[in-house]
Amino acid sequence: MLVTLRGARHDLAPTHRPVPTDQTMQRFSGFSLLRRGLSGHRDWQPQWRKAEPKAAYDAIIVGGGGHGLGAAYYLAKEHNLRNVAVLEKGWIGGGNTGRNTTIIRSNYLRDESAALYDHALKMWEGLSQELNYNVMFSQRGVLMLAHTVHDVQVFKRHVHANRANGVDNEWLTADEARAVCPLLQTDDIRYPVLGAAFQRRGGTARHDAVAWGYARAADALGVDIIENCEVTGIRRDANGEAQAVETSRGVIESRKIGVSAAGNTSVVLRMAGVRLPLESYPLQALVSEPVKPIFPCVVMSNTIHAYISQSDKGELVIGAGTDAYTSYTQRGGLHVSSHALEAICELFPMFRRMRMLRNWGGIVDVSPDRSPIIARTPVPGLYVNCGWGTGGFKATPGSAHLFAWTIARDRPHPINAPFTIERFREGRLIDEAAAAAVAH
Amino acid sequence: MLLIDCPYCGVRPELEFIYGGQAHVARPGNPAACSDEQWADFLYWRENSKGVHAERWRHTHGCGRFFNALRDTTNDRFLATYRVGERAPAAALERSGARDHE
């Protein structure tokens, strides 16, 4: 069995050997795993082709993270646009898709946000089946701790607003919270836990699998996934409409260009003369050495700022905060991580002797109201999906689905209609600072 | 952690400071005369530069004063710090090849 697993793991890693485009996608199942296990796992095909850029596409997605790959997949699957490319300057899933803490929830306050994030959560529930790829979505519940009277009032308001919107969320007393997460220290700490909001449908998923699953499924529908291809310019025609992208691998024409570039969105959109109300900050996370299964849910605390869950590999996955200043460095100050660890040690004294394996930063594009922008831009044919700030992973399937709709039909889906750029000029902000104040 | 050269106190650790966002964002003199576009520009639109960025810092746990800085956001290196009311040092801008920040 050990040999089987080792072989399977090796072959499940993304490979880049080209395969003929007409080859149908090899489906994963218990049976196919068993059959190939018996033959030494030598006949798995690569999960996606290493595509060369063509001269022109019906649509181009800039940014090969979960949001971008997913958008390409839905363009091909639901809008019948098969001549689509995803351009990624590095390797797919190497940006914020591979750098987040994988928390999924939809307990946002505003009606617009509840509709958006719950659309995504419902899609998560069927995503592994949809993609024939195990994204390891685990609805283990997300517990958000209240430490002050203000927290209690805000969270209860969230619970009521969520339930009115058909989003599950419930208020737990400190004792009930401890019953959910027995490791939690609620008393004898600087900010005792007064209670918690608990979304049972929330949880985690395997971030790499989301990128790889979308890449594989999109590739099977004919989408070209082009890595190491950095966009360096956006060309517009005489009418000002999007015409082509200049890349490190040549000029590629397309009349529909969707930008899904997270922290680098401002940089890419500026190439087309579009400015956005975004600022890019480093957001840090870290993981511990792996230990046996010990942590049953996701715990978040906005007030003392920490969030934690345990991956299926056994590592404690810990989210720290953003640095104070804008930056593109994909790292951050150690004091930001230390601060999160101090809070973790206070809430979970048994983790005080855990060792941290590694920490890193991702560049998050923060909008003024902490809500995303999924919209057309002032340049016809140019679309943007950005502003997810510190919490975009949870929305991946929903975001990708709505972005594909917007690109294909040149108008927003009713769910993302409020999430425009113009809302900042019209005063129609969707204020999620309370739900999104770094803690995700 | 960054080391920041306060123009009044000298080099101190980042923890003594608070970040004040993009520098030289002037509040419109007559807000009532602004269009929605101009007002939104003032409130929400920022450069978000990848490269040299002019920004404000406040030495909260020191002299308490605001000052401006030029920092390269691709490596977090400070090119210069300067007092409020002063122009960004031309030498630092030249080194970076950036345009003038008024």
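No value in this document is a laboratory result; all are computed from the given coordinates. Note that the coordinates shown come from a computational prediction; the quantities given were computed from them, not determined experimentally. Here the Cβ is made from the backbone with ideal geometry for all residues, glycine too, and neighbour counts use every protein chain on show.
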Exercise. Summing -39500 (n - 2.57) over the DSSP H runs of n ≥ 4 in chain A and dividing by its residue number, what mean residue ellipticity at 222 nm do you reach, to the nearest 500 deg cm²/dmol?
Worked result: -9000 deg cm²/dmol
Problem set entry | Gyration tensor verdict on the stretch B:52-91 (Cα atoms; rounded if a/c is under 1.5, prolate if a/b is larger than b/c, oblate otherwise) | oblate
Exercise. Normalised by the number of residues in chain A, what is the relative contact order in percent for Cα pairs under 8 Å and 6+ residues apart?
Worked result: 21 percent
Problem set entry | Charged-residue dipole, Cβ positions (Lys, Arg, Asp, Glu), the stretch A:102-190 about Cα centre, Debye nearest 20 | 120 debye
Seminar exercise, completed: Computed over chain A: longest principal axis from alpha-carbon atoms vs helix A:396-409 long axis, angle to nearest 10 degrees, is 30 degrees
Exercise. Kirkwood Rh over Cα pairs of chain A into Stokes-Einstein at 37 °C, 0.692 mPa s: D in µm²/s?
Worked result: 147 µm²/s
Exercise. What is the distance in Å between the Cα centres of the stretch B:11-36 and the stretch A:378-427?
Worked result: 28 Å
Seminar exercise, completed: Note on chain A, DSSP bridge orientation, antiparallel percent to nearest 5 equals 75 percent
Exercise. Looking only at trypsin sites (Lys or Arg not before Pro) in DSSP loops with at most 15 other Cβ atoms within 10 Å, what is the longest site-free stretch of chain B?
Worked result: B:1-64
For this session: Relative to the longest principal axis of the C-alpha atoms of chain A, give the angle of the C-alpha long axis of helix A:207-220, reported between 0 and 90° and rounded to the nearest 10°.
Result: 20 degrees
Exercise. Which residue, chosen from A:Met350, B:Ala32, A:His158, occupies the Cα position most advanced towards the positive end of the dipole of the protein assembly as shown, where the dipole is computed from +1 (Lys, Arg) and -1 (Asp, Glu) charges on Cβ about the Cα centre?
Worked result: A:Met350
Seminar exercise, completed: tail above 23 Å in the computed P(r) of the stretch A:312-440, as % of all Cα-Cα pairs, reads 46 percent
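Would you mind finding the longest exposed-site-free stretch of chain A, with exposed GluC sites (Glu not before Pro) meaning DSSP loop and at most 16 other Cβ atoms within 10 Å?
Maximal segment without exposed cleavage sites: A:1-229.
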Seminar exercise, completed: Rounded to the nearest 10 degrees, the helix A:111-131 long axis (Cα) sits at an angle to the longest Cα principal axis of chain A of 70 degrees
Exercise. How much mean residue ellipticity at 222 nm does chain B get from its helices, if each DSSP H run of length 4 or more adds -39500 (n - 2.57) and you divide by all residues, to the nearest 500 deg cm²/dmol?
Worked result: -4000 deg cm²/dmol
Exercise. Do any trypsin sites (Lys or Arg not before Pro) in the stretch A:321-355 lie in a loop, going by DSSP, with at most 11 other beta-carbon atoms within 10 Å of their beta carbon, and if so which?
Worked result: A:Arg352, A:Arg353, A:Arg355
Exercise. According to the square roots a ≥ b ≥ c of the eigenvalues of the Cα gyration tensor, what is the shape class of the stretch A:218-314, taking rounded for a/c under 1.5, prolate for a/b larger than b/c otherwise, and oblate for the remainder?
Worked result: prolate
Seminar exercise, completed: Which residues qualify? For B:Gly21, with a placed amide H closer than 5 Å and at least 5 residues away or on another chain, they are B:Arg56
For this session: Could you pull out every Cys in the protein assembly as shown that lacks a partner Cys with its beta carbon under 4.7 Å away?
Result: A:Cys181, A:Cys229, A:Cys297, A:Cys345, A:Cys386, B:Cys34, B:Cys63
For this session: List the residues whose amide H sits under 5 Å from the amide H of A:Tyr383, counting only those 5 or more places along or on another chain, with H placed 1.01 Å from N in the peptide plane.
Result: A:Ile257, A:Gly258, A:Val259
For this session: Once you have a ≥ b ≥ c as the square roots of the Cα gyration tensor eigenvalues for the stretch A:276-366, tell me rounded if a/c is under 1.5, and otherwise prolate or oblate according to whether a/b is larger than b/c.
Result: prolate
For this session: Diagonalise the Cα gyration tensor of chain B and give the resulting equivalent ellipsoid semi-axes, square root of 5 times each eigenvalue, largest first, whole Å.
Result: 25, 17, 12
For this session: Counting other Cβ atoms within 10 Å, keep those with at most 11, restrict to DSSP loop, and tell me which trypsin sites (Lys or Arg not before Pro) in the stretch A:208-268 are left.
Result: none
For this session: Could you sort out which of A:Lys122/A:Lys394; A:Lys122/A:Lys292; A:Lys54/A:Lys89; A:Lys50/A:Lys313 sit more than 23 Å apart by Cα distance in this structure?
Result: A:Lys122/A:Lys292; A:Lys50/A:Lys313
For this session: With θ set to phi - 60°, apply the Karplus curve 6.51 cos²θ - 1.76 cosθ + 1.60 along the stretch A:79-92 and write out the HN-Hα couplings as whole Hz, x wherever there is a Gly or Pro.
Result: 10, 6, 8, 8, 8, 10, 10, 10, 9, 10, 6, x, 10, 5
